[in-house]
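Read the structure below first, then the notes.
The values are calculated or read from the model by the stated rules, or taken from the named source; none is laboratory data. Predicted model, so just to flag it, every value in this text is computed and none were measured. Cβ atoms come from the backbone with ideal geometry, glycine included; neighbour counts cover every protein chain shown. Quick note on the areas: whole protein, heavy atoms, side chains included, nothing else; ligands and nucleic acids left out. Shrake-Rupley method; radii C 1.70, N 1.55, O 1.52, S 1.80 Å.
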Amino acid sequence: MRPARRARRLCFATPARRLMGLSALALLSIVLFMTINLGGNIGYILMHRGLILATMLLVAFASGIATLLFQTVTNNRILTPSVMGLETLFVLIQTMLIFFIDANGLKMLGTVGQFICEAALLVLFSTFLYRWLLGRIGINLHMVLLVGLVCGTLFRSISGLLQRLLEPGEFAILQSRIFATFTRAAPEIIVISAVAVLAVALLVWRMRHSLDVLALGRDMSIGLGVPWRRHVTLILLLVSLLVALSTALVGPLTFFGLLVANLSYQLIGSHRHHYLLPGVVLIGIITLVGGQVILERVLHMAGSLSVVIEFAGGALFLWFLIKKAAV
């Protein structure tokens, strides 16, 4: 083996060194995003980019950690909270708000009121769905995917029916609200989300050793003395909250969590959540911020990042299904 190649392998031989490398790459992405093509009214541009950056950091944490926790509890790397129909529920909620309250009524609710309403409904639905799946039918891949497919089809059908009854102006407003974008979040919503994310981060970090045991499965966890049901209930509540925050902030990003969670397994090279938790956040930041820099500043393709992420994540999901079916 050549000396240079051996030196590179030794440099990233441990999960801790790989985290340091990912940290440097994430920091470089943030610096490039904030400084490239900086000119004109610098104060306004920095404030605008800062809000977008804060939104991407919150989504990177919320979506990545939610998927990692969900896969730890279900002991399955294909399942994600988004596959369970939460994205189509978000579209249904937006459609019902426009249909029953209309655009003027939404203005009376206010930005914060709409955000809290959307997040609360998503948390209530996902908590009910997860508890029912775990308590009644157990973690069965085919059954869980079937339930997600049925729920998604039901919500999509109701949304389609209501959208056909909307006025053209109301339909245009709805279209601007149901596509993923990182420029929509208001400063007050970012502050509320940041406080919630910080509280969740502290709680999840304290549970990192218990998560290692839960990843071994239900029977092994109970045998090792971990209160499985209590921990799983708490984790599913946190997952519901994180998914609701992420979806209410930027809209549906169905496969982003699946993409960054599986990249973290491969790049970190460890099953310990002491490394996986920061790893999935850093990879999420690199994917969102670095991807935005490349598409917007290098390729001049503004607004297409969510499409690229969904394509890559969807292709990864299909590859996992084909690989599992071939086993």
*Would you pull out the residues with amide H under 5 Å of MET301's amide H, same chain only if 5 or more places away, H placed 1.01 Å from N?*
GLU296
*Tell me, Kirkwood radius of region 181-307 from alpha-carbon pair distances, in Å?*
16.5 Å
*Radius ratio Rg over Rh of region 166-211, counting only Cα atoms, Kirkwood formula for Rh*: 1.28
*Which ³J(HN,Hα) values in Hz, rounded to whole numbers, follow from the phi angles of region 289-295 under the Karplus curve 6.51 cos²θ - 1.76 cosθ + 1.60, where θ = phi - 60° and Gly and Pro get x?*
6, x, x, 5, 4, 5, 6
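On full extension of the chain, what length is gained from GLU188 through LEU124, given 0.36 nm per residue of separation minus the C-alpha to C-alpha distance? Walk me through the numbers before you get to the answer.
On the way: separation 64, 0.36 × 64 = 23.04 nm, distance 2.28 nm.
In short, 20.8 nm is gained.
Please give the length that would be gained between ALA172 and ALA199 if that part of the chain were fully extended, namely 0.36 nm times their separation in residues minus their C-alpha to C-alpha distance (nm, one decimal). Display every interim value, and only then the final one.
On the way: separation 27, 0.36 × 27 = 9.72 nm, distance 3.64 nm.
Separation in residues times 0.36 nm, less the Cα-Cα distance, equals 6.1 nm.
Heavy-atom accessible area per residue, region 45-326, 1.4 Å probe: how many Å²?
46 Å²
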*Using the charge dipole of region 45-326 (Lys, Arg: +1 at Cβ; Asp, Glu: -1 at Cβ; taken about the Cα centre), state which of ILE98, THR233, ALA172 has its Cα farthest towards the positive end.*
THR233
*Sticking with the crude label model, points 7 Å out along Cα→Cβ, report the distance from LEU154 to ILE116 in nm, one decimal please.*
2.9 nm
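Can you give the FRET efficiency to the nearest 0.05 for ARG297 and GLN266, using r as the Cβ-Cβ distance and R₀ = 22 Å? Please list the in-between numbers first.
Working: r = 27 Å, r/R0 = 1.24.
The calculated FRET efficiency here is 0.20.
Starting from the Kirkwood Rh over alpha-carbon pairs, what translational D in µm² s⁻¹ does region 201-272 have by Stokes-Einstein at 10 °C and 1.306 mPa s?
Details: Rh = 13.9 Å.
This corresponds to a translational diffusion coefficient of 114 µm²/s.
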*Taking H as built 1.01 Å from N, whose amide H comes closer than 5 Å to the amide H of HIS271, not counting residues under 5 places away?*
none
*For region 59-67, what does the Karplus curve 6.51 cos²θ - 1.76 cosθ + 1.60, with θ = phi - 60°, yield as ³J(HN,Hα) per residue in whole Hz, taken in order and with x for Gly and Pro?*
5, 4, 5, 5, 6, x, 5, 4, 5
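Assuming R0 = 45 Å, what is the FRET efficiency of LEU46 and ALA315, from their Cβ-Cβ distance, to the nearest 0.05?
Numbers: r = 36 Å, r/R0 = 0.79.
Computed FRET efficiency for LEU46 and ALA315 comes out at 0.80.
Roll a 1.4 angstrom probe over the protein heavy atoms and tell me the percent of accessible area of region 45-326 that is carbon or sulfur. Numbers along the way, then the final one.
On the way: 8990 of 12880 Å².
The computed percentage sits at 70.
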*asked:* Taking only Cα atoms of region 45-326, what ratio of Rg to Rh do you get with Rh as the Kirkwood inverse-distance radius?
replied: 0.96
*At what distance in nm do the modelled label points of LEU28 and ALA16 sit from each other, each positioned 7 Å from its Cα along Cα→Cβ?*
2.3 nm
